[in-house]
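Peer 1: The structure follows.
The values are calculated or read from the model by the stated rules, or taken from the named source; none is laboratory data. Values in this document were obtained by computation on a predicted structure and should not be read as measured data. So basically every Cβ, Gly included, is an ideal-geometry build from the backbone, and we count neighbours across all protein chains shown.
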Amino acid sequence: MLIKDPVCGMPLDQSTTQFTANFLSKQYYFDSEYCMNSFIEGTKIAYFSMEIGINSAMPTYSGGLGVLAGDVIRSSADLRIPLVALTLLSKKGYLKQKLTPDGWQMEYPEEWDPSKFMKLLPETATVKISGRDVRIGVWVYEQDSLTGGTIPVLFLTTDVEGNTQEDREITDFLYGGDEKYRLKQEIVLGIGGLRILEALKINVKKYHMNEGHSSLLTLELLKNNDLNPDKVKNRCVFTTHTPVAAAFDKFSYDLLSEVLETEVPEKNLKEYGGSDKLNMTLLALNLSKYTNGVTEAHMEYSRKLFPGYHIQEITNGVHSYTWTCSHFRKLFDKCIPRWANEPELLVRVDTVPDEDLWEAHMKAKQDLLDFVQTSSGLQMDTNALTLGFARRATEYKRAAMIFSDIEKLKEVNSQGKIQFIFAGKAHPKDEQGKNLIKEIYEFKDQLKGEIEIVYLENYNMEMAGKLTSGVDVWLNTPMPPMEASGTSGMKAAHNGVINFSVLDGWWIEGCVEGLTGWAIGPSPDQVISDEQRRKREITDLYNKLEYILIPKFYQERDSWIGLMRNSIGKVAYYFNTHRMMRRYATDAYL
């Protein structure tokens with residue numbers, strides 16, 4: 001049986017190779033003793049993320065942060081970057097969404113069995129929470145690549161024999177419970193995760209914190225390094241994804257003293273984490289040598305939020321192979337060999353004939369509309385201009401913006417048929433987000449018979465793949481500067497879907513008006529009032545839809561296919577996690 005060395009990628013015959021070793025309960029084979037020792041004993045990057053979306057059947061993610069983390073892991077495996085990832089098991093998931101006939105969201109636990117996907121390791125670690133010793137167990141999932149690379153993903157669990165029932169439930173729900181529950185989870189992830197790595201004897205070179213949820217690991221590093229901040233900084237990398245201060249995790253020192261037992265003196269905690277409350281983002285910033293935002297615009301916003309800090313940028317991406325649907329994969333395999341592991345080769349999409357691009361798109365569209373009919377009973381028109389909007393249901397995403405002027409929308413529709421597909425979950429405590437879904441349901445009923453609208457329930461990675469490949473236009477209307485990055489439009493671009501978005505996050509870098517897609521509203525650097533900005537956004541949204549998108553889609557098919565080609569060759573070729581992870585490797589890890 002032919003396999004590949006996980007370090008050098010050399011093809012091997014499993015039956016004859018003499019270099020073999022067990023690592024985290026899995027047997028590996030190597031081309032040489034050097035590769036074997038490098039893999040087992042060599043330094044690793046420890047990547048910490050509160051959520052990781054690695055498989056739709058494993059509900060260990062809520063949205064963009066977790067899906068991005070999954071793409072980080074996939075690209076790291078493809079590129080054979082020596083990385084190990086840590087997250088929480090989230091035994092009962094984030095939430096299973098059920099929508100009532102009038103559009104009100106109901107939430108249920110999403111129970112799943114980790115033993116179907118991964119192995120439970122014998123090693124455990126212990127942390128003290130609320131005065132009690134809490135044991136942490138660890139499941140391991142291996143993300144393998146055809147290049148030979150493999151990334152172990154460690155899922156931490158407190159559902160361990162010997163813990164109290166209260167403590168066994170700490171890793172049940174992703175982002176569940178109250179502030180105390182969240183703090184307990186972050187202790188398990190940051191401090192518990194670091195101790196698990198020690199128990200597994202993994203040689204860590206750098207600790208990469210994906211958002212501030214895991215930044216308590218810096219306290220453990222301080223304790224282990226005689227409170228020397230320089231020694232900690234040299235080993236820590238921090239990526240912030242949040243553009244507004246109100247969204248950062250902050251815990252009162254009273255709560256901290258009640259829940260967390262640490263040998264780091266309070267004066268040091270306040271020096272690094274803030275004088276009033278422990279700000280997890282500030283803690284990570286103060287104790288990391290390398291810090292970055294996730295787009296150029298987000299870097300600038302972050303520098304304003306934290307003046308004096310050297311915050312850099314590495315623009316996000318998506319894992320090209322994962323988010324390219326089967327029809328485009330086959331087409332790219334035929335016309336652009338090696339694209340899957342060298343997505344920059346998608347710049348050569350000009351070699352793909354127009355008719356083949358359109359055929360692949362129509363097959364993906366039919367797959368989506370078949371899914372819509374199976375899921376909702378609604379039969380949508382394959383030939384109609386179809387716009388998709390799918391992301392977390394929260395106020396700043398402005399999912400209902402397209403319905404700002406119903407009469408105008410009807411007028412637009414009279415110029416060429418349009419239809420909409422929506423999806424997205426609201427956090428259980430986000431009443432405004434839930435009301436947004438209900439509002440869209442009301443518009444759906446109001447426009448029935450004129451404009452077809454569907455809201456698909458229980459949005460997940462599998463559904464995201466169908467949506468981002470099957471619609472004609474990807475719509476995004478965030479309130480600037482709230483979208484630090486966003487990645488759904490990048491997924492759409494990999495499938496020739498055209499972006500139509502407010503200029504925020506990644507789209508500021510990706511949009512070349514009329515060439516790679518279209519912008520909605522003014523550029524973010526224009527100094528105008530919020531009221532003027534919103535008015536111009538709505539005007540732009542309807543005017544471009546009526547006078548540019550609809551005529552081009554229905555009357556200028558060759559020109560439309562040219563835009564699809566640009567989405568692939570001028571957007572997807574760059575906005576991918578292979579490019580992103582090479583940047584992390586050279587700028588942050590080496």
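Peer 1: Counting only residues that are under 19 Å from the mean Cα position of the chain (by Cα) and closer than 27 Å to Glu556 by Cβ, how many does the stretch 391-404 have?
Peer 2: 0
Peer 1: Can Gly131 be described as within 22 Å of Phe39 (Cα to Cα), of a type in the set (Gly, Ala, Ser) and not assigned by TED's automatic domain parsing to the domain that holds Asn341? Give the steps one after another, and end with the answer.
Peer 2: Details: within 22 Å of Phe39 (Cα to Cα): no; of a type in the set (Gly, Ala, Ser): yes; not assigned by TED's automatic domain parsing to the domain that holds Asn341: yes.
It is false that Gly131 is within 22 Å of Phe39 (Cα to Cα), of a type in the set (Gly, Ala, Ser) and not assigned by TED's automatic domain parsing to the domain that holds Asn341.
Peer 1: Among the residues of the stretch 451-464, is there at least one that is free of Cβ contacts under 8 Å to residues at least 40 places away in the same chain and either assigned by TED's automatic domain parsing to the domain that holds Thr516 or out of contact with any helix residue (DSSP H, G or I) (no Cβ under 6 Å at 6 or more places or on another chain) (or both)?
Peer 2: Keep residues of the stretch 451-464 that are free of Cβ contacts under 8 Å to residues at least 40 places away in the same chain, which gives 453.
This time we only want the ones that are either assigned by TED's automatic domain parsing to the domain that holds Thr516 or out of contact with any helix residue (DSSP H, G or I) (no Cβ under 6 Å at 6 or more places or on another chain) (or both), so: 453.
Yes, there is a match, as at least one residue in the stretch 451-464 is free of Cβ contacts under 8 Å to residues at least 40 places away in the same chain and either assigned by TED's automatic domain parsing to the domain that holds Thr516 or out of contact with any helix residue (DSSP H, G or I) (no Cβ under 6 Å at 6 or more places or on another chain) (or both).
Peer 1: Of the residues Ser130, Ser76, Ser56, which single one is in contact with a helix residue (DSSP H, G or I) (Cβ under 7 Å, 6 or more places away or on another chain) and at positive phi?
Peer 2: The match here is Ser130.
Peer 1: Only one of these is in contact with a helix residue (DSSP H, G or I) (Cβ under 8 Å, 6 or more places away or on another chain), of a type outside the set (S, T, N, Q) and modelled with pLDDT under 95: Met482, Met401. Name it.
Peer 2: It is Met482.
This table checks each residue for (1) assigned by TED's automatic domain parsing to the domain that holds Glu462; (2) without any contact (Cβ under 8 Å) to a residue 60 or more places away in the chain; (3) under 30 Å from Ile538 (Cβ atoms).
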residue: Val352; (1), (2), (3): yes, no, no
residue: Glu359; (1), (2), (3): yes, yes, no
residue: Lys363; (1), (2), (3): yes, yes, no
residue: Asp367; (1), (2), (3): yes, no, no
residue: Phe389; (1), (2), (3): yes, no, yes
residue: Thr394; (1), (2), (3): yes, yes, yes
residue: Lys417; (1), (2), (3): yes, yes, yes
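Peer 1: In addition: Considering each residue of the stretch 220-242, count those that are over 20 Å from the mean Cα position of the chain (by Cα), at negative phi and assigned to a loop (DSSP other than H, G, I, E, B), and give that number.
Peer 2: 4
Peer 1: A further question on this structure: Could you look through the stretch 509-559, keep only residues that are among the small types (Gly, Ala, Ser) and within 17 Å of Ala493 (Cβ to Cβ), and pick out the one that is surrounded by the most Cβ atoms within 10 Å (Cβ to Cβ)?
Peer 2: Of the residues in the stretch 509-559, the ones among the small types (Gly, Ala, Ser) are 510, 514, 517, 519, 521, 523, 529, 559.
Next cut, within 17 Å of Ala493 (Cβ to Cβ) only: 510, 514, 517, 519.
Values: Gly510: 24, Gly514: 14, Gly517: 26, Ala519: 21.
Among those residues, the one meeting the criterion is Gly517.
Peer 1: Out of everything in the stretch 243-280 that is assigned to a helix (DSSP H, G or I) and aliphatic (A, V, I, L, M), what residue ends up being surrounded by the fewest Cβ atoms within 10 Å (Cβ to Cβ)?
Peer 2: Top of the filtered list is Ala246.
Peer 1: Also, I was wondering about something else. Criterion first (aliphatic (A, V, I, L, M) and farther than 19 Å from Pro6 by Cα) does Leu88 satisfy it? Steps first, please.
Peer 2: On the way: aliphatic (A, V, I, L, M): yes; farther than 19 Å from Pro6 by Cα: yes.
Here the answer is yes, as Leu88 does meet what is asked.
Peer 1: Let me ask something additional. Output the residues belonging to the stretch 366-418 that are surrounded by 21 or more Cβ atoms within 10 Å (Cβ to Cβ) and of a type outside the set (A, V, I, L, M).
Peer 2: Thr386, Gly388, Phe389, Arg391, Lys397
Peer 1: While we're on this one: Inside the stretch 216-239, can you point out the residues that are polar (S, T, N, Q), in contact (Cβ under 8 Å) with a residue 24 or more places away in the chain and either more than 25 Å from Val259 (Cα to Cα) or surrounded by fewer than 16 Cβ atoms within 10 Å (Cβ to Cβ) (or both)?
Peer 2: Just the residues of the stretch 216-239 that are polar (S, T, N, Q), to begin with: 218, 224-225, 228, 234, 239.
Of the ones still in play, those that are also in contact (Cβ under 8 Å) with a residue 24 or more places away in the chain are 218, 234, 239.
Correct list: Asn234, Thr239.
Peer 1: Taking the stretch 182-207, which residues are over 15 Å from Leu278 (Cα atoms), in contact with a helix residue (DSSP H, G or I) (Cβ under 7 Å, 6 or more places away or on another chain), of a type outside the set (Ser, Thr, Tyr) and surrounded by 24 or more Cβ atoms within 10 Å (Cβ to Cβ)?
Peer 2: Across the stretch 182-207, the qualifying residues are Leu189, Ile191, Gly193, Leu194.
Peer 1: Considering only the stretch 405-436, how many residues are within 25 Å of the chain's Cα centre (by Cα) and either not in a helix (DSSP H, G or I) or not small (Gly, Ala, Ser) (or both)?
Peer 2: Residues that pass the stated criteria total 16.
Peer 1: With the requirement that a residue be farther than 25 Å from Gly70 by Cα and assigned to a loop (DSSP other than H, G, I, E, B), what does the stretch 303-335 give you?
Peer 2: Phe306, Pro307, Gly308, Tyr309, His310
Peer 1: Check the stretch 346-363 and report whether any residue there is assigned to a helix (DSSP H, G or I), under 30 Å from Lys444 (Cβ atoms) and hydroxyl-bearing (Ser, Thr, Tyr).
Peer 2: So far as the stretch 346-363 goes, no, none of its residues is assigned to a helix (DSSP H, G or I), under 30 Å from Lys444 (Cβ atoms) and hydroxyl-bearing (Ser, Thr, Tyr).
Peer 1: When Asp381 is evaluated against the numbered criteria (1) assigned to a helix (DSSP H, G or I); (2) out of contact with any helix residue (DSSP H, G or I) (no Cβ under 6 Å at 6 or more places or on another chain), which criterion, by number, is the only one it fails?
Peer 2: Failed condition: (1).
Peer 1: Need at least 2 residues that are over 25 Å from Trp560 (Cβ atoms) per element, so show me which helices (runs of 4 or more DSSP H) inside the stretch 437-529 make the cut, counting only ones lying wholly within it.
Peer 2: Once the helices (runs of 4 or more DSSP H) in the stretch 437-529 are filtered for at least 2 residues that are over 25 Å from Trp560 (Cβ atoms), what remains is 461-470.
Peer 1: A further question on this structure: So, in the stretch 144-181, exactly how many residues are part of a loop (DSSP other than H, G, I, E, B), crowded, with 22+ Cβ neighbours inside 10 Å and among the hydrophobic types (A, V, I, L, M, F, W, C)?
Peer 2: 2
Peer 1: Another one. State whether one or more residues within the stretch 494-504 are surrounded by 19 or more Cβ atoms within 10 Å (Cβ to Cβ), under 25 Å from the mean Cα position of the chain (by Cα), more than 21 Å from Asn316 (Cα to Cα) and of a type in the set (Gly, Ala, Ser).
Peer 2: no
Peer 1: Is it the case that some residue within the stretch 88-99 is surrounded by 17 or more Cβ atoms within 10 Å (Cβ to Cβ), in contact with a His (Cβ under 8 Å, 6 or more places away or on another chain) and among the polar types (S, T, N, Q)?
Peer 2: The answer is no, given that none of the residues of the stretch 88-99 is surrounded by 17 or more Cβ atoms within 10 Å (Cβ to Cβ), in contact with a His (Cβ under 8 Å, 6 or more places away or on another chain) and among the polar types (S, T, N, Q).
Peer 1: Then there is this: Which of the residues that make up the stretch 444-471 are within 20 Å of the chain's Cα centre (by Cα), surrounded by fewer than 23 Cβ atoms within 10 Å (Cβ to Cβ) and either more than 22 Å from Met58 (Cα to Cα) or among the polar types (S, T, N, Q) (or both)?
Peer 2: Scanning the stretch 444-471 gives Asn458, Asn460.
Peer 1: Between residues in the stretch 264-290 that are in the same structural domain as Asn234 (by TED's automatic domain parsing) and residues that are buried (at least 22 other Cβ atoms within 10 Å of the Cβ) and among the β-branched types (Val, Ile, Thr), which pairs lie under 7 Å by C-beta distance while being six or more apart or on different chains?
Peer 2: Thr281/Thr240; Leu283/Thr218; Ala284/Thr218; Leu285/Thr291; Leu287/Thr218; Leu287/Val232; Ser288/Val237; Tyr290/Val237
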